[in-house]
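Shown next, in structure tokens, is the structure this report addresses.
The values are calculated or read from the model by the stated rules, or taken from the named source; none is laboratory data. Values in this document were obtained by computation on a predicted structure and should not be read as measured data. Here the Cβ is made from the backbone with ideal geometry for all residues, glycine too, and neighbour counts use every protein chain on show. For the accessible areas, the whole protein counts, side chains as well, though only heavy atoms, and no ligand, DNA or RNA atoms are used. Shrake-Rupley method; radii C 1.70, N 1.55, O 1.52, S 1.80 Å.
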Amino acid sequence: MTSRVRHTTVDCTDAYRLACFWAQVLDGTLAEDDLPGDPEATVTASGGALLFLTMPDAKTVKNRVHLDLEPQDRTRDEEVERLLALGATLVADHRRADGSGWATLADPEGNEFCVERSAAERVR
């Protein structure tokens, strides 16, 4: 028997607040018992779960692990705009004129993640 990833864990300064952001990003749900001020919060979404743990230290260096998002029902650029409206920030723009590339964003606590092209955009 092998192991499987139960969830990916993110250290943060406000677990509930950051979980709410990621629940919107991933169209996921928070656990029923997660409340503001809790030291941890779990987001369950298609493809897995994210566990947010409140830690006293703020992020100070680049992530060693990050998420790569693939939009399911919109283009990469439409998804970038949606995420910026939710509170993400653009860290680096690697989108190219030919439509390839990706955008690196950061969540409200500065954790980087990338938005790649959708599957439909890759077949064009």
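Taking a probe of 1.4 Å, how large is the accessible area per residue of the chain, in Å²?
Details: 7930 Å² over 124 residues.
Here the per-residue accessible area is 64 Å².
Highest first, please rank the peptides 59-65, 73-79 by the mean number of other Cβ atoms sitting within 10 Å of their residues.
On the way: 59-65: 9.4, 73-79: 16.0.
Packing order, densest peptide first, comes out as 73-79, 59-65.
So how tilted is helix 76-86 from the main axis of the chain? Cα-based, degrees 0 to 90, rounded to 10.
The angle comes out near 40 degrees.
Over the range 1-122, with every protein chain in place, what whole percent of the accessible area is carbon and sulfur at 1.4 Å, could you tell me? Walk me through the numbers before you get to the answer.
Details: 3840 of 7600 Å².
With neighbouring chains kept in place, the figure for the range 1-122 is 51 percent.
Based on the alpha carbons, how large is the Rg to Rh ratio for the range 26-124 when Rh follows Kirkwood?
On the way: Rg = 15.0 Å, Rh = 15.0 Å.
With Rh from the inverse mean 1/r over Cα pairs, Rg/Rh is 1.00.
Quick check for me: using +1 on Lys/Arg Cβ and -1 on Asp/Glu Cβ, what's the dipole size of the chain about its Cα centre, in debye to the nearest 20? Please list the in-between numbers first.
On the way: 14 positive and 23 negative charges, 110 e Å.
I would put it at about 520 debye.
Figure the gain on full extension for GLU81 and SER46 (residue separation times 0.36 nm, minus the Cα-Cα span) and round it to one decimal in nm.
Values: separation 35, 0.36 × 35 = 12.60 nm, distance 2.12 nm.
Separation in residues times 0.36 nm, less the Cα-Cα distance, equals 10.5 nm.
Modelling each spin label as a point 7 Å along the Cα-to-Cβ direction, I'd like the SER3/ALA31 distance in nm, to one decimal.
A separation of 1.9 nm, rounded to one decimal place.
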